[in-house]
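The values are calculated or read from the model by the stated rules, or taken from the named source; none is laboratory data. Source: prediction; values computed, not measured. Every residue, glycine among them, receives a Cβ derived from its backbone with ideal geometry; neighbour counts consider all protein chains shown. For the accessible areas, the whole protein counts, side chains as well, though only heavy atoms, and no ligand, DNA or RNA atoms are used. Shrake-Rupley method; radii C 1.70, N 1.55, O 1.52, S 1.80 Å.
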Amino acid sequence: MYRYISEQGFKTPAIINSLKIFVRDFKDVQSVSATKLNSEEIASALEIHSLQWHPTKDSTQIHKEFKFNSFKETFAFMGSISTVAEEMHHYPKWTQKENVVHVEISTNECSGISVKDILLAYTMDQLAMEITNTQIISVCDSPKVIDSQILNTWNQNFSKTEEILQNLQRNTAQL
């Protein structure tokens, strides 16, 4: 992360502040303003949360392909995300074939990518990881989505980035 910040010239707390949303549970997300992120903000948000999602060239959506070990895992993932998306009132576009789910996310209200998309992508990554680490016996199995755990780590990622940025600024000032 330190290397990324110094290489990319990630100098301004304004970028971090423009990406922060603090919500207690996924139901609060629908009240978050849907401001379109520019390409620098999108890249920063993906980096802050260590997301391997890819923005389109015109920065109107992010996409990713999830591969699971079985159809049961794939179905459990889609079921878990459906529950979260319903709470958020923010829905992905996806296609599924066998053990693969291709996901595209964007925010219609701003005709592009918003922080809501980044949060949904982050949540999808966390749930995909949980599913691959859980034994899924039936397509009806799905991990219990614990909003507070996912949202706490989301918020901690911002705090860690701010701390790194402050240390970088202090070190630069000492030079």
Study note, to complete from the structure: Flagged pairs (Cβ under 7 angstrom, 6 or more apart or on separate chains; first in the stretch 22-43, under 17 Å from residue 123 (Cα atoms); second open to solvent by less than 80 Å² (accessible area, probe 1.4 Å) and of a type in the set (Ser, Thr, Tyr)) are 42/59
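Table: residues versus (1) at pLDDT 90 or above; (2) surrounded by fewer than 19 Cβ atoms within 10 Å (Cβ to Cβ).
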| residue | (1), (2) |
| --- | --- |
| 122 | yes, no |
| 128 | yes, no |
| 141 | no, yes |
| 145 | no, yes |
| 151 | no, no |
| 163 | no, yes |
| 169 | no, yes |
Practice item. Pull up the stretch 81-120, narrow it to residues that are among the charged types (D, E, K, R) and within 13 Å of the chain's Cα centre (by Cα), then point me to the one that is modelled with the lowest pLDDT. Key: 116
Practice item. Specify which of the listed residues (64, 36) is within 18 Å of the chain's Cα centre (by Cα), among the basic types (Lys, Arg), at pLDDT 95 or above and closer than 25 Å to residue 158 by Cα. Key: 64
Practice item. Count, please, the residues in the stretch 95-114 that happen to be touching a strand residue (DSSP E or B) at 6+ places or on another chain (Cβ under 9 Å) and buried (at least 20 other Cβ atoms within 10 Å of the Cβ). Key: 6
